[in-house]
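A.B. asks: Encoded as C-alpha cells, here's the structure I'll be asking about.
Each value in this text was obtained by applying a stated rule to the coordinates, not by laboratory testing. Not measured: the values here are computed from a predicted model. Using ideal geometry, Cβ is built from the backbone for each residue, glycine included, and neighbour counts are taken over all protein chains shown.
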Amino acid sequence: MSRIENSILGLLVFASVSCGGPDLPKSVEMAYEKLPEKLDFNLHVKPILSDKCFICHGPDKAKVKAGLQLHLPELAYSELKDNPGKYAVKPGNLSKSETVSRILSDDLELVMPKPESHLTLTDYEKAMLVRWIDEGAEYKDHWAFLPPENIEPPLTPLIILFWQSWKKKDSTLLQKPTKKSCCED
Ligand code: HEC
C-alpha cells in the first residue's frame, strides 16, 4: 500500500471513530463491545426505556416530567419543550441527542434517570441506548401489532361456512320435492 493510500485509510479510520459524538466512558465503551450484533427495539431497547424512563417520560400524561415523553418516536424526536432547539433523541446524531449526555453524565443534577428515583442504568443499558440512537433510533410497534410474516389463510372459519352451507343444501335436497317446497318461497 502506498503512503498516500495509507494515510487516507488512517484518516478514514480516525473519522469513523471520532465522529461518534461524545466520548463514551471507558466502562460504557467496554459494554458497547458486548452488545448483540443486531439490535431489536422491542427486545433490547424498549425494556430499558419502559423500566427506567417511562415513569417520568412515558405514556401517562399526569406523570410526565419536563413535558418529555419517550414512548413514541414523534414525541421523542420533537423539540424539547423546556429547551427549544434541543432534542431528546436526534436519530443518528449522538451529540445532538440530550438523552445521550444525560444518561452518560456524572453530574447528579443532570444524570438520567433522576437519582431520587433510585433507578440507575447499567453500563450495558447505557451502551444499548447510545447505539440505538446512533443507528437511527428506530421504534417498532409491539410484535402483537405487526403483521405476521407468514399469513396463514383463515381456514377454520372457511371450513365452517362451507360445511354449514353444504349441510343446508343437503337437507333441502333430502326434502321430498313436494309442491310446497318446490314452488313456494
Ligand atoms: C423519576 C423521574 C425521571 C426518570 C425516571 C427519568 N427522568 Fe428524565 N427528567 C426528569 C425531570 C424532572 C427532568 C427535568 C429536569 C432536568 O432537566 O433535569 C428530566 C429531563 C430529561 C431530559 C431533558 C429534557 C429537557 O427539556 O432538557 C432528558 C433528555 C431526559 N430527562 C431523558 C431521560 C431518560 C432517557 C430517562 C431514562 C433513562 C429518564 N429521563 C428518566 C425526570 C426523570
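A.B. asks: Using the reciprocal of the averaged 1/r over all distinct C-alpha pairs, how large is the Kirkwood radius of region 19-145 in Å?
C.D. replies: For region 19-145, inverting the mean 1/r across all distinct Cα pairs yields 14.8 Å.
A.B. asks: Work out the length of the dipole vector of region 19-145 about its Cα centre, built from +1 on the beta-carbon of each Lys and Arg and -1 on the beta-carbon of each Asp and Glu, and round it to the nearest 20 debye.
C.D. replies: 280 debye
A.B. asks: Further question on the same structure: What is the extension gain from residue 29 to residue 55, computed as 0.36 nm multiplied by their sequence separation minus the C-alpha to C-alpha distance, in nm to one decimal?
C.D. replies: 6.6 nm
A.B. asks: Moving to a separate point now. Tell me which residues come under 5 Å, amide H to amide H, from residue 97 once H is placed; ignore anything under 5 positions away on its chain.
C.D. replies: Answer set, sorted by chain and number: 90.
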